[in-house]
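**Student:** Handing you this structure, nothing more for now.
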Amino acid sequence: MNSCIRVSVVMSVFNGGNWLKYSVESILNQTFRDFEFIIVDDGSTDSSIDILNHYQSIDKRIKIIRKKNTGLYDSLNVGIKSAESEWIARIDSDDTSESTRLEKQYHLALKLGKKFIIGTNLNIIDPNGSIVSEYKYPKTHKGLKNNLLTLNRFFATSSAFFNFSIFEKLGGYRLHYKRSGDYDFWLRALSKGYLFRCLQQPLVFIRKHENSLSSSNNGLDSVVYSTCALTCFHLRKNNILDPADIYNVNEYETHFKEMVISELKKSSILNEKNSFLRNSFYGLTSNPIYKPMRFFYKYLNKIFSLINVYKRVRIANNIADHYNLK
């Protein structure tokens, strides 16, 4: 560790040229200055590396690591392992940070200690950078833990700030999770007795666009992997070996993930999300009933989402209670 560097900001980018400059500039313009900015280029084929090289030429705090495309979580492991500070701050390549974010998180981390993982509230922005909505989360560990275990809203990984020792203790992100690897990371931290805290100011801006990870496959991949992660949490709680700790990635897909998918299908959770309703709805854009139908669809979808979350929590518990290691 380098005592002159107090925080290591870590980003992975893969073909993120559209919004990369805004994310990079939001870190370089922080009021807190004593940081290194580790950016892992995960085999980009667009303009990303040219953008990174430009910013590195004007700010030597940027450290670029180039590698072949192996995915987000492998890239984050590479980046964090190269950190020279004991404090890690995360940011995704399409998101931005408010200028005082690092300053506030760093001083709170010194106050709370190394067992805390600190997030913040956030603003959702559209592709043009306009604020769409604000997301608020519980402040204390108790409320955040409850949200984590009930698949409710939890602070974004782009707002995460934690000690390197946590990453080291957990062994980093697990490659079994192509989606929701951050959720698995938080649950494993919880299993190890680490604590959570959330600053109540919206200090990060999360950009929603059609290419974001959460939008892939209509969000169904995230549903599968987050349910797998929650199931593994309950298995550990029941003193049963975590499948992701004993199976390699391919074995995990075959022996465990497919079982979770089967249970999700039985509960109709993995059916194409209201495909008939949605397709019919979007065909009405020129019809006078479009606006009232839009209102109706929005709240009907919210009800279905709440029901599905309840089902997924129940499925995770049921699998853990009856699981036999193959």
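**Student:** Expressed as a whole percentage, what fraction of the accessible surface of the chain belongs to carbon and sulfur atoms when a 1.4 Å probe is rolled over the protein heavy atoms?
**Tutor:** The nonpolar share, carbon plus sulfur, comes to 51 percent.
**Student:** Moving to a separate point now. Reachable aspartates and glutamates from K178, Cα under 16 Å, same-chain residues fewer than 8 places away excluded?
**Tutor:** Straight-line reach from K178, under 16 Å: D42, D74, D92, D221, D245, E251, E253, E258.
**Student:** Next up: Report the net charge of residues surrounding L122, where surrounding means a beta-carbon distance below 12 angstrom and charges are Lys +1, Arg +1, Asp -1, Glu -1.
**Tutor:** +1
**Student:** Taking the mean number of other Cβ atoms within 10 Å as a proxy for protection, how do you rank 318-324, 90-96 from highest to lowest?
**Tutor:** By packing density, highest mean first, the sequence is 90-96, 318-324.
**Student:** Given 0.36 nm per residue, what is the gain on full extension from Y310 to H107 after removing their alpha carbon distance, in nm?
**Tutor:** Net length gain for the segment: 69.4 nm.
**Student:** Quick check: net charge around T96, other residues with Cβ under 14 Å of its Cβ, Lys/Arg +1 and Asp/Glu -1?
**Tutor:** Computed value for this residue: -1.
**Student:** Next up: Using a 10 Å cut-off on Cβ atoms, rank the peptides 122-128, 179-185 from the highest mean neighbour count down.
**Tutor:** Most protected by this proxy first, the peptides run 179-185, 122-128.
**Student:** Below 16 Å, Cα to Cα, which lysines can K145 reach? Residues fewer than 8 away in the same chain don't count.
**Tutor:** Of all the lysines, those that pass the test against K145 - Cα under 16 Å, at least 8 places apart if same chain - are K115, K136, K192, K237.
**Student:** Per-residue ellipticity at 222 nm for the chain, helices alone: DSSP H runs ≥ 4 residues times -39500 (n - 2.57), over residue total, nearest 500 deg cm²/dmol?
**Tutor:** Taken over the chain, the calculation gives -13500 deg cm²/dmol.
**Student:** Using a ≥ b ≥ c from the Cα gyration tensor of the stretch 31-116 (square roots of the eigenvalues), is it rounded, prolate or oblate, where a/c under 1.5 gives rounded and otherwise the larger of a/b and b/c decides, a/b for prolate?
**Tutor:** Verdict is prolate for the stretch 31-116.
**Student:** If the cut-off is a Cα-Cα distance under 14 Å, which aspartates and glutamates reach K104, setting aside same-chain residues fewer than 8 apart in sequence?
**Tutor:** Cα-Cα hits under 14 Å: D34.
**Student:** I'd like the distance between the alpha-carbon centres of the stretch 92-133 and the stretch 1-52, rounded to an integer number of Å.
**Tutor:** 15 Å
**Student:** Just subtract the alpha-carbon distance of N301 and I65 from 0.36 nm times their residue separation and send over the number in nm, one decimal.
**Tutor:** Computed gain between N301 and I65 is 80.8 nm.
**Student:** On to the next question. Determine the sum of side-chain charges near R66: Lys and Arg each +1, Asp and Glu each -1, restricted to other residues whose C-beta is under 15 angstrom from that of R66.
**Tutor:** The answer is -2.
**Student:** With every protein chain kept in place and ligands, DNA and RNA left out, what is the accessible area per residue of the chain? Probe 1.4 Å, answer in Å².
**Tutor:** Heavy-atom accessible area per residue stands at 48 Å².
**Student:** Moving on to the next point. Which order do the peptides 237-244, 149-156 take when ranked by the mean count of other beta-carbon atoms within 10 Å per residue, highest first?
**Tutor:** 149-156, 237-244
The values are calculated or read from the model by the stated rules, or taken from the named source; none is laboratory data. Being a predicted model, the structure only gives us computed values, none of them experimental. No Cβ is skipped: glycine too gets one built from the backbone with ideal geometry, and neighbour counts run over all protein chains shown. We work out accessible area using only protein heavy atoms, side chains counted, and drop any ligands, DNA or RNA first. Shrake-Rupley method; radii C 1.70, N 1.55, O 1.52, S 1.80 Å.
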